[in-house]
Amino acid sequence: DATLSTLLPYLATNVAMNDDEEDEVLLLLADQLGNLVPGLIPGDRALPVLPLLERIASVEETVVRDRAVESICKIVPVLGGAVGGGGGAAGGAGEEDGMSAEAKGGNADGGGADDDDQTPTTAEGP
């Protein structure tokens, strides 16, 4: 809890959002923020880390950006409860409905295939 309430706001204000910060500091910060989750910060409470890493991922130095993206890629899968819980279920239901609609479209196309089957029969008849 102290990490979330004290350290992250400090880093956000004094380090990550400072445009004059040295690339080496940002590189280490990006790496260590990725290591905080899930060890020190539980995955379902790690969402506040992402804006810091997003800011670091926008710097000019390629090595720093790459490290920030690596850390983001480590954190996002463990966010499941924070982001995927509500949105994932709704998104999943939407996708299932979309799949059902596509399946219905497939059935309609399947009916078209039946029509095509009838067409060759008709074509074979005359």
Count - residues of region 30-49 that are farther than 12 Å from P77 by Cα, open to solvent by 20 Å² or more (accessible area, probe 1.4 Å) and hydrophobic (A, V, I, L, M, F, W, C): 2
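Can you find, within region 15-25, the residue that is nearest to R65 (Cα to Cα) among those that are open to solvent by less than 70 Å² (accessible area, probe 1.4 Å), outside any loop (DSSP other than H, G, I, E, B) and without any contact (Cβ under 8 Å) to a residue 40 or more places away in the chain? Reasoning before the result, please.
Going residue by residue through region 15-25, those that are open to solvent by less than 70 Å² (accessible area, probe 1.4 Å) are 15-16, 18, 21, 23, 25.
Subset that is outside any loop (DSSP other than H, G, I, E, B): 15-16, 23, 25.
After this cut, where a residue has to be without any contact (Cβ under 8 Å) to a residue 40 or more places away in the chain as well, the list is 15, 25.
Details: V15: 15, V25: 12 Å.
Step by step, filter region 15-25, then rank; the result is V25.
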Residue in region 77-100 that is surrounded by 12 or more Cβ atoms within 10 Å (Cβ to Cβ), in a helix (DSSP H, G or I), at pLDDT 75 or above and on the phi < 0 side of the Ramachandran plot present: yes
Conditions (1) among the charged types (D, E, K, R); (2) in a helix (DSSP H, G or I); (3) modelled with pLDDT under 85; number of the one not met by R67: (3)
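The values are calculated or read from the model by the stated rules, or taken from the named source; none is laboratory data. Quantities reported herein were computed from a predicted structural model and do not represent experimental measurements. Note that each Cβ is placed from the backbone with ideal geometry, even for glycine, and that neighbours are counted across all protein chains shown. Keep in mind that these areas ignore ligands, DNA and RNA; they rest on the heavy atoms of the full protein, side chains included. Shrake-Rupley method; radii C 1.70, N 1.55, O 1.52, S 1.80 Å.
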